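Handing you a structure now.
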Amino acid sequence: MIYTGKSLDILKSLEENSVDCVITDPPYSGFAGMESHVSYCNWFEKHFLEMKRICRTAERIVVSQPPKRFSLFQQRFNVQSAIKIENAMEDSRGADVYFLSQALSSLNPLTNAEQWPSDIIPKSIHPNDRNIGKMSIIVKAMSNVGDVVLDPFCGSGAIGIACILLGRKYIGIELMKERADDASRRIESALIYAEITSKQ
């Protein structure tokens, strides 16, 4: 399921302790309130407080951030560790992604990226689409089969697709309708593929 609208507004509407895990990759810049690292953290804190209310344990909230914000996130949000995912972009531009967490270690041991057929999911319109296989690393590390995973900034839906293909349930939130529709279309393809493979 993907909600379309402002993340903070939709987060406030979700029930307390209603998800097992939050895995999200929020925008690093480009919107009001993100002009400096401090203003970014002020903007993010409102969302983080809602994530803590909704998630059953704060240690299973993981948030992607660039290294330049690590120390500030450590101070403001009690970040204890970072999981590095190498070459995490769909277009193989070589960019790494770091997911920060209050936990000192992941819920499950880190494993390799999953490999799925390249033609099962339509390509995304998102300009910074994450690689679905690489997102499987963080999904497997921080959640279990059957868990409900929330992504308040779902973008292309790559985290959600990895969740569905790995047997998790997924709730996404996306501000832009065109991107939300695109992510929903991709997740629907993942649901169809997961259903077909479950019967084989």
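The values are calculated or read from the model by the stated rules, or taken from the named source; none is laboratory data. Fair warning: this is a prediction, and the values are worked out from it, not measured in the lab. Cβ: placed from backbone, ideal geometry, glycine included. Neighbour counts: every protein chain shown.
From the set of residues in the range 1-32 that are of a type in the set (S, T, N, Q) and surrounded by 14 or more Cβ atoms within 10 Å (Cβ to Cβ), which is nearest to Val145 (Cα to Cα)? Write out each step before concluding.
First, pick out the residues of the range 1-32 that are of a type in the set (S, T, N, Q): 4, 7, 13, 17-18, 24, 29.
Subset that is surrounded by 14 or more Cβ atoms within 10 Å (Cβ to Cβ): 4, 7, 24.
Numbers: Thr4: 26, Ser7: 25, Thr24: 18 Å.
Of everything passing the filter in the range 1-32, Thr24 is nearest to Val145 (Cα to Cα).
Being crowded, with 20+ Cβ neighbours inside 10 Å and farther than 25 Å from Ser184 by Cα is the requirement here; does Ser64 meet it?
no
For the range 7-29, give me the residue count where each residue is closer than 15 Å to Arg69 by Cβ and assigned to a loop (DSSP other than H, G, I, E, B).
The qualifying residues number 5.
Considering only the range 129-153, state which residues are in contact with a helix residue (DSSP H, G or I) (Cβ under 9 Å, 6 or more places away or on another chain) and more than 15 Å from Ile61 (Cβ to Cβ).
Passing the criteria: Asp129, Arg130, Asn131, Ile132, Gly133, Lys134, Met135, Ser136, Ile137, Lys140.
I've got another one for you. Only one of Lys177, Lys134 is modelled with pLDDT of 95 or more, surrounded by 14 or more Cβ atoms within 10 Å (Cβ to Cβ) and charged (D, E, K, R). Can you tell me which?
Numbers: Lys177 fails: surrounded by 14 or more Cβ atoms within 10 Å (Cβ to Cβ).
Selected residue: Lys134, the only one of Lys177, Lys134 that is modelled with pLDDT of 95 or more, surrounded by 14 or more Cβ atoms within 10 Å (Cβ to Cβ) and charged (D, E, K, R).
Taking the criterion of being out of contact with any Pro (no Cβ under 6 Å at 6 or more places or on another chain), outside any helix (DSSP H, G or I), at pLDDT 95 or above and at positive phi, would at least one residue in the range 58-66 satisfy it?
Within the range 58-66, none of the residues are out of contact with any Pro (no Cβ under 6 Å at 6 or more places or on another chain), outside any helix (DSSP H, G or I), at pLDDT 95 or above and at positive phi.
Next question, about the same structure. Tell me, which residue of the range 90-105 that is among the hydroxyl-bearing types (Ser, Thr, Tyr) and modelled with pLDDT under 95 is nearest to Arg76 (Cα to Cα)?
In this case the residue turns out to be Ser105.
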